[in-house]
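Please read the structure below before turning to the comments.
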Amino acid sequence: MKALEAKLGRVIFARLFENEDLLEAISNTAKQRGIKAGFFILIGTLKKAKLGFYRQGKYEPIQVDGHVEIVSCMGNISLKEERELVVHAHISVSNEKGEVLGGHLLPGCVVAVTAELVLVEAADLKLQRKFDEETKLYLLSLDDGS
């Protein structure tokens, strides 16, 4: 295991509106506030959801049509190869029967009534992702080149 420590910076509360793409809205909130490292939690409702299941170097999409509640959505903010902002998140959603599906948050999750985002900045941390040949993913690099 490798770990880095950071001081907490700003805490941002944001409300997302109907028809916004969840992943895009989280990313835009971080970009607009200049946050390059941090974590977030989110709850709300979706008109439809698109989740991913990781298998052999890619995310296989799971489409959920119809109104669902966001039971939990959490993730982190980092920079890919020191340039591009990355939102890495997992989400669990439930239908009216309380049945839950979960996976990687993909573009295509459309906000229904509202979503509530709490974004916490890691003020003094340079959090980066670098491409890993074995997994074909951009994994966290904790300042030692790994």
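Every read-out reported here was derived from the displayed coordinates using simple, explicitly stated rules and does not represent laboratory data. These figures come from a predicted structure and were not determined experimentally. Glycine gets a Cβ as well: all are built from the backbone with ideal geometry, and neighbour counts include every protein chain shown.
Here are some notes:
- The radius of gyration of the Cα set in the range 62-146, together with its Dmax, comes out at 15.6, 47 angstrom.
- Proxy reagent accessibility, fewest Cβ within 10 Å first, across LYS36, LYS97: LYS97, LYS36
- As a proxy for reagent exposure, ranking PHE13, PHE53, PHE40 by other Cβ atoms within 10 Å from fewest up yields PHE13, PHE53, PHE40.
- Helix 22-33 and the long axis of the chain differ in direction by around 40°, with both axes built from C-alpha atoms.
- Its residue count N sets the reference 2.2 N^0.38 Å, and the alpha-carbon radius of gyration of the chain equals 1.06 times that reference.
- Of the beta bridges in the range 9-140, as assigned by DSSP with both residues counted there, near 95 percent are antiparallel.
- Cα-based shape type of the range 97-146, given that a ≥ b ≥ c are square roots of the gyration tensor eigenvalues and the cut on a/c is 1.5: oblate
- Residue order, fewest to most surrounding Cβ atoms within 10 angstrom, among CYS73, CYS109: CYS73, CYS109
- Cα centroid separation - the range 48-69 against the range 102-124, whole Å: 15 Å
- Relative contact order of the range 9-140, taken over Cα pairs closer than 8 Å and 6 or more residues apart, is 38 percent.
- Secondary-structure-derived ellipticity at 222 nm for the chain, considering helices only, amounts to -2500 deg cm²/dmol, per-run term -39500 (n - 2.57) for DSSP H runs with n ≥ 4.
- Debye intensity ratio in log₁₀ form over the Cα atoms of the range 26-104, taken at each q of 0.15 Å⁻¹: -0.60
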